[in-house]
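The values are calculated or read from the model by the stated rules, or taken from the named source; none is laboratory data. Worth saying up front: this structure is predicted, and the values here are computed from it rather than measured. Here the Cβ is made from the backbone with ideal geometry for all residues, glycine too, and neighbour counts use every protein chain on show.
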Amino acid sequence: MTEKLPPVRVRFAPSPTGRTHLGSGRTALYNYLLARQTGGQFLLRIEDTDQKRYVPEAEQELIDSLHWLGLQWDEGPDVGGPYGPYRQSDRKEIYLEYAKQLIEKDKAYYCFCTPERLAHLREQQMQAKQPTMYDGLCRKLTLEEALRRVKQGEPHVIRFKTPKEGTITIRDYLRGEITVENRTIDDYILVKSDGWALYHLAAMVDDQLMRITHVLRSSEWLSTFPLHAHIIRAFGWQEPVFVHLSVFLKPSGKGKMSKRESAQLLQDGYSIFIKDLEQLGYLPEAVVNWIALMGWSYDDKTEFFTMQDLIEKFSLDHLNPSPAAINFTKFDHFNGLHIRHLTVEDLARRVKPFLLKAGLKVEDQKLLQIVPIIQERLVTLDDAVEMAGFFFRDKLEYEPALLVGKNLSTRESFKALQESHQLLSGADFDDKETLEISLRSLAERMGLKAGQLFGILRIAVTGRSVSPPLIESMLILGKERVLERVQAAIIRLNEIL
Ligand code: GLU
């Protein structure tokens, strides 16, 4: 176990441009864990400066997904905090101010190149098989000249003035020091012609002003990390610790999941989107446990973690920078584990909406009796509909031929049902043991295997060939309904005699 850090200030800084997926969930989770473990703060910052790509519903889905996972932030657009506003679109002037500071320090410059010129430049570079980069034409302008053109209303952007010689050495917590040649770093745009800052500037400014100590973010930012370090150093700021998290690969481990593939997944009852997982009957506890272990491990053998366990045990030193393949089989396993970890009352409460959604009339008292006999078998909450729906249906639907027992004739099966009906009519439904013993001796008297008789009764009583334990199910259903169902089965079988 590594030493605990002093209280950190960390942030989750999503751009609400699409659906909230497992990767975002994990980034948010790791940040949250670090904050809770060290008694620090976890911030939510909405990075919505790209107005064209902003999707309002995406922000709502994001908030809902984080809440569902159980991640509460201490500062954010909705809860406020001492370093707000926490929505980048409310901070436009702040970024402009800092961009101007960089210009004054000769670390940034105005660029007036037209989109046509840039497109042409790009084409030429591509033809010459050169890296596509800005050629620095406007770097040469004097500040007076540039300011004059700005004043005249000439469209412009602000670019970072990346040093063209030497190297920069940056440090990622998981990968150590990385040294990059400055000439390979472009003069990236910091502020667009519409006056909105881009991520590179906005995030660095915000991390500084919001006193962020650790930046845990996706490794897709590794390639522009040298630029970010240049920006921070140009201001002379203290650098936060940067931790670039591993990427997620599709289950095959070959590449990232495409849009089409993630849509396809839903047909198999899986999804990479957090909100879908809720609908599919997964527990937030299982999602948290599963994603926590995609890129982090405790000791290579412990697999069950509650949020509280994770808060205690999480450590940056055990993060793994290698890509992690999404493993849904493991996810099912975790969901089962967490379902079994719930109290009966809690599981009943969580299963109920799925039963209602399937159109079943749920009696709470009955559900509390049912849960203990299905808890061991559920993989998702939604499985309860298949497994326990028969308790709440008035009429069962099944093929009469299913009532014919294994290696038995229709007539023998019919007889078995008649005898069972008679026996059950006189049975005491409060006594599980006696009921089971009498059914077993009935089978014996009729020269049947217990399994044969129970198989027939299982179809009659539950309508399914696989069900929770039969005798327990019969006791929960109650004598009257069991007799009705056996009677209905006799009538159905009679039709195919
Ligand atoms: N808005 C960036 C994104 O969604 C945030 C990256 C970061 O955490 O700094 O990818």
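Does residue 178 satisfy the criteria of being of a type in the set (A, V, I, L, M), surrounded by fewer than 17 Cβ atoms within 10 Å (Cβ to Cβ) and either more than 11 Å from the ligand (Cβ to nearest atom) or in a strand (DSSP E or B) (or both)?
Spelling it out, residue 178 is indeed of a type in the set (A, V, I, L, M), surrounded by fewer than 17 Cβ atoms within 10 Å (Cβ to Cβ) and either more than 11 Å from the ligand (Cβ to nearest atom) or in a strand (DSSP E or B) (or both).
On the given criteria, is residue 11 in contact (Cβ under 8 Å) with a residue 60 or more places away in the chain, in contact with a Lys or Arg (Cβ under 6 Å, 6 or more places away or on another chain) and surrounded by 22 or more Cβ atoms within 10 Å (Cβ to Cβ)?
yes
Hey, can you tell me all the residues within region 433-469 that are of a type in the set (Gly, Ala, Ser) and not in a helix (DSSP H, G or I)?
Within region 433-469, the first condition is being of a type in the set (Gly, Ala, Ser), and the residues that meet it are 438, 441, 443, 447, 450-451, 455, 460, 463, 465, 467.
Matches in region 433-469: 447, 463, 465, 467.
Under 6 Å between Cβ atoms, which residue pairs at least 6 apart in sequence (or on different chains) link something in region 305-328 that is free of Cβ contacts under 8 Å to residues at least 40 places away in the same chain with a partner that is part of a helix (DSSP H, G or I) and polar (S, T, N, Q)?
305/289
Residues 104, 47, 97: which one is under 30 Å from residue 163 (Cα atoms) and either touching a Pro at 6+ places or on another chain (Cβ under 7 Å) or touching a residue at least 12 places away in the same chain (Cβ under 8 Å) (or both)? Give the derivation first.
Numbers: 104 fails: either touching a Pro at 6+ places or on another chain (Cβ under 7 Å) or touching a residue at least 12 places away in the same chain (Cβ under 8 Å) (or both); 97 fails: either touching a Pro at 6+ places or on another chain (Cβ under 7 Å) or touching a residue at least 12 places away in the same chain (Cβ under 8 Å) (or both).
So the residue among 104, 47, 97 that is under 30 Å from residue 163 (Cα atoms) and either touching a Pro at 6+ places or on another chain (Cβ under 7 Å) or touching a residue at least 12 places away in the same chain (Cβ under 8 Å) (or both) is 47.
Applying the selection to region 150-167, what residues are surrounded by 16 or more Cβ atoms within 10 Å (Cβ to Cβ) and not in a loop (DSSP other than H, G, I, E, B)?
Residues satisfying the conditions are 157, 158, 159, 160.
Looking only at region 440-486, which residues are polar (S, T, N, Q), within 21 Å of residue 409 (Cβ to Cβ) and surrounded by 16 or more Cβ atoms within 10 Å (Cβ to Cβ)?
452
Go through 317, 346, 299 for me and flag whichever is exposed (fewer than 15 other Cβ atoms within 10 Å of the Cβ), farther than 30 Å from residue 176 by Cα and more than 14 Å from the chain's Cα centre (by Cα). Don't jump to the end; show me each part of the working.
Numbers: 317 fails: farther than 30 Å from residue 176 by Cα; 299 fails: farther than 30 Å from residue 176 by Cα.
Result: 346 is the single residue among 317, 346, 299 that is exposed (fewer than 15 other Cβ atoms within 10 Å of the Cβ), farther than 30 Å from residue 176 by Cα and more than 14 Å from the chain's Cα centre (by Cα).
Pairs, please: C-beta under 8 Å, at least 6 apart or cross-chain, first residue over 17 Å from residue 34 (Cα atoms) and of a type in the set (A, V, I, L, M) and in region 208-226, second in a helix (DSSP H, G or I) and more than 10 Å from the ligand (Cβ to nearest atom)?
Once the first residue is over 17 Å from residue 34 (Cα atoms) and of a type in the set (A, V, I, L, M) and sits in region 208-226, its partners that are in a helix (DSSP H, G or I) and more than 10 Å from the ligand (Cβ to nearest atom) give 209/94.
Sort out for me the helices (runs of 4 or more DSSP H) sitting completely within region 181-270 that have 3 or more residues that are more than 13 Å from the ligand (Cβ to nearest atom). Let's see the steps before the verdict.
Working: elements: 199-209, 225-235, 259-265.
Result: 225-235, 259-265.
Within region 60-79, does at least one residue satisfy the condition of being within 13 Å of the ligand (Cβ to nearest atom) and either modelled with pLDDT of 95 or more or surrounded by fewer than 19 Cβ atoms within 10 Å (Cβ to Cβ) (or both)?
So far as region 60-79 goes, yes, one or more of its residues are within 13 Å of the ligand (Cβ to nearest atom) and either modelled with pLDDT of 95 or more or surrounded by fewer than 19 Cβ atoms within 10 Å (Cβ to Cβ) (or both).
When you scan region 1-45, how many residues do you find that are aliphatic (A, V, I, L, M) and either over 23 Å from residue 287 (Cα atoms) or away from the ligand (no atom under 12 Å from the Cβ) (or both)?
Number of matching residues: 8.
Do you know which residues across region 46-58 are assigned to a loop (DSSP other than H, G, I, E, B) and more than 11 Å from the ligand (Cβ to nearest atom)?
Passing the criteria: 51, 52, 54, 55.
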